[in-house]
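Notes to accompany the following structure.
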Amino acid sequence: FFSVLITMAASPKVLEGDDLAEATRLLTQSPLFVCLNDAQRQSIARGMEKRSYPAGIDLLCQGQESVEAFFVSSGSIIRLREENGVQHHMDSRHGRFACGTLHLQKGDPAFATARSITDVEVYALPSDWFNECMQSNEMSKAIVESLTGHIKTMTKSMRTPLLEQKQTRAPIPAISIAASLESFYRSALNAYINWSLTGKSNHLFPNMHIQIPTRVVYINGFKLLRLQFDARIDPAKTSNPFLTKMAMCFAPGIIMTPVSSLLEATNAGHMNSEPIHTRWLRGMVPRMMREVIFGVGLNQLSDYCAERMPNGVESQALRNAMGSMTAGVMAGYFSHVPHNLSTLKLLNPAQSYMDLFKSYAGRHTIYVPSSIKGRSRDLLAAGISIVFPQAVLIRTMQIVGSFVILNGTIHTLTPYF
């Protein structure tokens, strides 16, 4: 179907003069032909064909035989690969001007789909003509074969934008087991963070009969909401795709904030004597900000970072762990101030957010040089409390560990469900 569609959409033109020069120039930008001299490249270019395609045409289709390579003269293309039912954007640095060259000699199945995203002009190089040209020079053929083997390892990097990351299959049993394990780690570090903020100790694992099932619901919510949004909403069909993508990323954190509030309330009984049905409402606003950051970090950012691990890291489990750690560092840092404010409000419900922030920032005056006085001293302390917040290392360690435990356990257990 796609081959017929391409043939119908193409507008063939005779290759001569300036077109021949342009095709020869484009060949120099492909790693496959960098070892050829000008005469050899020109001889290949003579057998190419200039074509025009509208936006939205698949020049190559993943898994289908590659009978032509395409060199882009004007316009833009993207390369998309589907794995485990999820579509990924391939690294565009290597496929910006050409696609299909690495499979051209043997007509191998295309590794990824090449799609025009604007009107494009391309020069098509048929596989038969390419092989005929290479037969005339055995040395050139040997060079191309060696380059092909090397370049294949350089063009498989996935580069899906952050807001376009999609959820892979995540069975509820795998998510639930991961959340149960992670709840103990989270509870212990939460108790330590609360101690660093208030100076009052608490049990490491309080109310685990509430924490574990609530945490299971909480993590399942983040993963399954993302899965449902991805399956049911196509941002490209909305009036504002960017805002739709952003809303899809932020919504799980907003929706799961009440569940998170219940979890936090179970850790605050040593300082807040309010009944839990009232206590859980304290600190809701900054907690929502924290949950949005946590949700994006656990979902999109972890996958985004895992995609960008070095090509030398071939183990998917290791890439997953490294991506989760990287995302955890960023999410832990940016969520720390909202976390501190929500915790302080939960533990001190009678105080306003402004009073709590002033008190929180005041603890950082010890880091301000004594020569700075008055209002400047308070402003600098407030800046330090935001940029280098108290207990940031513990909070970051908590998020890093949570991401690694959750994503790692889900990734490991998914094949068994």
Only unsatisfied item for N220, checking (1) over 25 Å from G401 (Cβ atoms); (2) of a type in the set (S, T, N, Q); (3) assigned to a helix (DSSP H, G or I), is (1)
Given the conditions (1) buried (at least 17 other Cβ atoms within 10 Å of the Cβ); (2) modelled with pLDDT of 85 or more, and given that V387 satisfies all but one, which numbered condition is not satisfied? (1)
Unique residue being at pLDDT 85 or above and assigned to a helix (DSSP H, G or I) when the list is S180, S140, S146: S180
Does K373 qualify as being in contact (Cβ under 8 Å) with a residue 24 or more places away in the chain, out of contact with any strand residue (DSSP E or B) (no Cβ under 7 Å at 6 or more places or on another chain) and in the same structural domain as S196 (by TED's automatic domain parsing)? no
Considering only segment 111-122, how many residues are closer than 20 Å to R51 by Cα and surrounded by 17 or more Cβ atoms within 10 Å (Cβ to Cβ)? 7
Would you mind telling me which numbered condition in (1) within 30 Å of L162 (Cβ to Cβ); (2) touching a Lys or Arg at 6+ places or on another chain (Cβ under 6 Å); (3) buried (at least 22 other Cβ atoms within 10 Å of the Cβ) H89 fails? (3)
When the residues of segment 271-293 are narrowed to those that are part of a loop (DSSP other than H, G, I, E, B) and charged (D, E, K, R), which ends up surrounded by the fewest Cβ atoms within 10 Å (Cβ to Cβ)? E274
Of all residues in segment 169-192 being more than 26 Å from Q228 (Cα to Cα) and of a type in the set (S, T, Y), which is surrounded by the most Cβ atoms within 10 Å (Cβ to Cβ)? S187
Does L102 meet the test of being modelled with pLDDT under 80, surrounded by 16 or more Cβ atoms within 10 Å (Cβ to Cβ) and among the aliphatic types (A, V, I, L, M)? yes
Residue check: is L225 within 16 Å of P252 (Cα to Cα) and at pLDDT 90 or above? yes
Of all residues in segment 197-256, which are over 23 Å from P286 (Cβ atoms) and among the small types (G, A, S)? S201, A231, A236, S239
Neighbours by Cβ (under 6 Å, 6+ apart or cross-chain): first from segment 376-398, closer than 13 Å to G362 by Cβ and not assigned by TED's automatic domain parsing to the domain that holds S335; second of a type in the set (S, T, Y) and crowded, with 18+ Cβ neighbours inside 10 Å: none
Those residues of segment 219-265 which are acidic (D, E) and without any contact (Cβ under 8 Å) to a residue 60 or more places away in the chain, in sequence order: D234
Take the residues in segment 323-379 that are among the small types (G, A, S) and surrounded by fewer than 16 Cβ atoms within 10 Å (Cβ to Cβ), then tell me which one is farthest from T278 (Cα to Cα). S371
Condition first: on the phi < 0 side of the Ramachandran plot and out of contact with any helix residue (DSSP H, G or I) (no Cβ under 8 Å at 6 or more places or on another chain). Can you find one or more residues in segment 387-405 that meet it? yes
Given (1) under 26 Å from the mean Cα position of the chain (by Cα); (2) modelled with pLDDT of 85 or more, where does I394 come up short, assuming only one miss? (2)
Counted residues, segment 17-66 - those being surrounded by fewer than 21 Cβ atoms within 10 Å (Cβ to Cβ), touching an Asp or Glu at 6+ places or on another chain (Cβ under 8 Å) and over 14 Å from V122 (Cα atoms): 2
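The values are calculated or read from the model by the stated rules, or taken from the named source; none is laboratory data. Just so you know, these numbers come straight off a predicted model, no measurement behind them. Note: ideal-geometry Cβ built from the backbone for every residue, glycine included; neighbour counts use all protein chains shown.
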